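Nothing in this text is a laboratory measurement; each read-out follows from the coordinates by a stated rule. What you are looking at is a predicted structure, and each value in this text was computed from that prediction instead of being measured. Virtual Cβ from ideal backbone geometry, glycine too; neighbours counted across all protein chains shown.
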Amino acid sequence: MKNSLASLFVGFLFALGLGLSGMTQPQKVVGFLDVFGNWDPSLMFVMIGAISVHFVLYKVIRRRKSPLFSIDWQVPSKKEITPALVLGAFIFGIGWGLGGYCPGPAITSLASFESRPLIFVISMLIGMLLFNLMDKKLKIKR
């Protein structure tokens, strides 16, 4: 129960941060990617701020023997760069650039009741389903 409440709180905090920073607005993402046009650097500052806070807090928190609500740390152990990872990153980047949404902001934007985030999230879920079906048939190395 503690894990679920902590996850809910962190998700709410993340959504709040996305909303306050304006990162749920696709025009911010598209403006950031429009380097040779009307470039909007605000996404870069949000990313620098988030990465800085994460970098410092990660170092501090990892000094603990265990997390607050779990027995062990759940840190990814794979460090190998696979074709599936590269292809997934490429598809993610294309979807992000075309749609103007990243999965987190898209899910947060569902609260706006607009059709664009809904279409993006449905498309994302279909893509995840298709990947799972392909993975079962092709056994993609991850």
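On a C-alpha basis, how far is the centre of region 81-142 from the centre of region 1-49 in Å? Whole number, if you could?
17 Å
Explain nothing, just compute: Karplus ³J(HN,Hα) = 6.51 cos²θ - 1.76 cosθ + 1.60, θ = phi - 60°, for every residue of region 114-120 in order, whole Hz, x for Gly and Pro.
8, 6, 4, x, 5, 4, 4
Name the residue farthest towards the positive end of the dipole of the chain from the options Asn38, Gly11, Gly97, assuming +1 on Cβ of Lys and Arg, -1 on Cβ of Asp and Glu, about the Cα centre.
Projecting each Cα onto the dipole axis, the largest value belongs to Gly11.
May I ask you to evaluate 6.51 cos²θ - 1.76 cosθ + 1.60, the Karplus curve with θ = phi - 60°, for each residue of region 65-77 and list the ³J(HN,Hα) values in order in whole Hz, giving x for glycine and proline?
Using θ = phi - 60°, the values come out as 6, 8, x, 5, 10, 8, 7, 10, 6, 10, 10, x, 9 Hz.
Just to be sure I understand the model, the point goes 7 Å from the Cα along the line to the Cβ. What's the resulting Glu114 to Lys78 distance in nm?
3.4 nm
Report, in debye and to the nearest 20, how large the dipole of the chain comes out about its Cα centre when Lys and Arg carry +1 and Asp and Glu carry -1 on their Cβ.
Charge dipole, the chain, about its Cα centre: 840 debye, nearest 20.
Given only helices, namely DSSP H runs of n ≥ 4 each adding -39500 (n - 2.57), what is the per-residue ellipticity at 222 nm of the chain, to the nearest 500 deg cm²/dmol?
That calculation yields -22500 deg cm²/dmol at 222 nm.
Please give, to one decimal in nm, the separation of the simple spin-label points placed at Leu20 and Ile61, each 7 Å out from Cα toward the Cβ.
1.7 nm
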